Amino acid sequence: MVTDMRTQLARTATDLLERDPKVAVVLAEISVDRFERAIAMAPDRVINVGIMEQTLLGVAAGFAMEGFHTIVHTMAPFLVERPFEQVKLDFGYQGLAGTLASVGAPYDYGTEGGTHHSPGDVGVVLTVPRTDVLVPGCAGELDRLLRETYADGRLTYLRASVAQNDVALEVARGRLEVVRRGSRATVVVVGPVLSRTLAACEGLDVSVLYTASVAPFDSRGLAAVAGPDPLVIAVEPFYEGTLLPSLAEALRHVPSRFATVGVPRRFITTYGTAEEHDRELGMDVAGIRRRLVAALELG
Amino acid sequence: MATRADLDHVRELMALATGDEKHEESSTSTLDALWVLYDRVLRVDPASPREEARDRFILSKGHGPSAYYAVLAAKGFFPEDVLAGFLEWGNPLGSHPDRNQVPGVEASTGSLGHGLALAVGSTLALRAKGSPDQRVVVLCGDAELNEGSNWEAILLAPHLHLTNLTLLVIDNHSSSIPMAPWEPRLGSFGWDVVVVDGHDQDQLYDALSSRPHERPNAVVADIPEGEW
């Protein structure tokens, strides 16, 4: 049975709590059931503050002020949008490190409606200087990234999703992987939309690069593959265009064309499964292929 | 114990820090409480401001920090002549304190409603470190307590039995919504509450040096309107 990322987050965090006395976890009701062993094992370092997201971030920053490697967890809109000023000031401005680990973005809990969606989370976090953004594609990648970064002295947004790729790749902070090579365009895929993007690229003569690291972005890796006069198409599981500044920066030395396949920038008012939303928003295999082909035709 | 001359010297230092007159009331109303804390209550070492065994103090409201800076300078956290450059380009003393620029400052504050949750986290972290005797004191203004984020933390701290946490409220009646009566309001959330004369240093000392065994405590320093 495939482990979901949310469960993996709790497992890895619990293991880190066990191994490292400087790890603390702060929760706001969400996923408390998955942290039961951690709470029993380290009640002073696993704190459930209840339904108070500003205080969730403030308490976590207080732990960080005391030198703890803090993992803060709740659903994406309530982790980085509702308490954004706490992210910006308590962590960012104060120069504190920690891991903000979300679930639910962009619209994983599709029956909950727009109040619980967060396709803008990555864009919001990217406005906080010196913040890393990691979007793993499956549970194995989440485990690897959390272990790599939890104590690296940086502020990291780690975005867990319900959707997962079929296989885990050798992801790392700041690394882009070449999945396949082609000549007409370079498709840069982020996180859990890799498997469906590969299916969508069947028969298309394109390179496919994969990353779980939105920030820092592997500019050199992209520049090395894209070549002269490149057409670069981002497939991103958040608002379309979010990755564009990083792509443009990476290729500023060559005339380049860009297109994006991401979540359309509009409020989502439908109810249903995440897969139904993928279909409606052009993020399923057919939708991604349709948008890729359109980008290739525009050239 | 400090002499009158000591406090007069702190006032002279405050006078060096000019240019933030809009916050003069905010600053002056904190002076007696800050002086009592740094002179008689907090265990801090100006020579080693990040010493692990220290007590923590967070000026949550951030506004009007000239009294805070003057007390820190008088206690030797940084040279007194730095105050003369308050608000000037290249000087570390801005109109809201920065933990990364000013020795002795625990938290960068100024946006209201952040310090109390930080203090709750810091208190929890000290507990997790096994440091049961260290205290965390956080100063909020009465108007600052309009912010809803504070009431989240006010609800949480007694639930977590944070007996090492002290909320010091400077009630200079600047809130458009009167915040008194304090005892029933904070008390109903589970805080031990005492209201003292905000200019009476002996009352402030008695209140700030006592600690309840079961609950976090709130010390409200009342500054009558017009007497800041």
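The values are calculated or read from the model by the stated rules, or taken from the named source; none is laboratory data. Since the model is a prediction, treat every value here as computed from it, not as a measurement. Virtual Cβ from ideal backbone geometry, glycine too; neighbours counted across all protein chains shown. The accessibility values were calculated without ligands, DNA or RNA, using every heavy atom of the protein model including side chains. Shrake-Rupley method; radii C 1.70, N 1.55, O 1.52, S 1.80 Å.
Quick notes
- Selection within region B:83-111 - at the interface with another protein chain (Cβ under 8 Å from one of its Cβ atoms) and either open to solvent by less than 20 Å² (accessible area, probe 1.4 Å) or touching a His at 6+ places or on another chain (Cβ under 6 Å) (or both): B:E106, B:A107, B:S108
- For A:G113: the one exception among (1) closer than 17 Å to A:V235 by Cβ; (2) open to solvent by less than 20 Å² (accessible area, probe 1.4 Å); (3) assigned by TED's automatic domain parsing to the domain that holds A:E66: (1)
- Hits in region A:145-160 - residues which are within 13 Å of A:T12 (Cβ to Cβ) and either modelled with pLDDT under 95 or part of a strand (DSSP E or B) (or both): A:L158, A:A160
- Set A:R180, A:R252: member being in contact (Cβ under 8 Å) with a residue 24 or more places away in the chain and either out of contact with any Gly (no Cβ under 6 Å at 6 or more places or on another chain) or more than 17 Å from A:G137 (Cα to Cα) (or both): A:R180
- Those strands (runs of 3 or more DSSP E) lying entirely in region A:49-144 with at least 3 residues within 14 Å of chain B (Cβ to nearest Cβ): A:69-75
- Tally, over region B:118-149, of residues that are in contact with a strand residue (DSSP E or B) (Cβ under 8 Å, 6 or more places away or on another chain) and either facing chain A (nearest Cβ under 9 Å) or open to solvent by 10 Å² or more (accessible area, probe 1.4 Å) (or both): 13
- Evaluating A:A172 against the criteria (1) within 16 Å of the chain's Cα centre (by Cα); (2) part of a loop (DSSP other than H, G, I, E, B); (3) under 20 Å from A:D108 (Cβ atoms) leaves one unmet condition, (3).
- If you go through region B:13-59 and keep only what is open to solvent by 70 Å² or more (accessible area, probe 1.4 Å), farther than 20 Å from B:A119 by Cα and in contact with an Asp or Glu (Cβ under 9 Å, 6 or more places away or on another chain), you end up with just B:L16.
- Restricting region A:166-208 to residues that are open to solvent by less than 10 Å² (accessible area, probe 1.4 Å) and of a type in the set (S, T, N, Q), the residue that is nearest to A:S102 (Cα to Cα): A:T197
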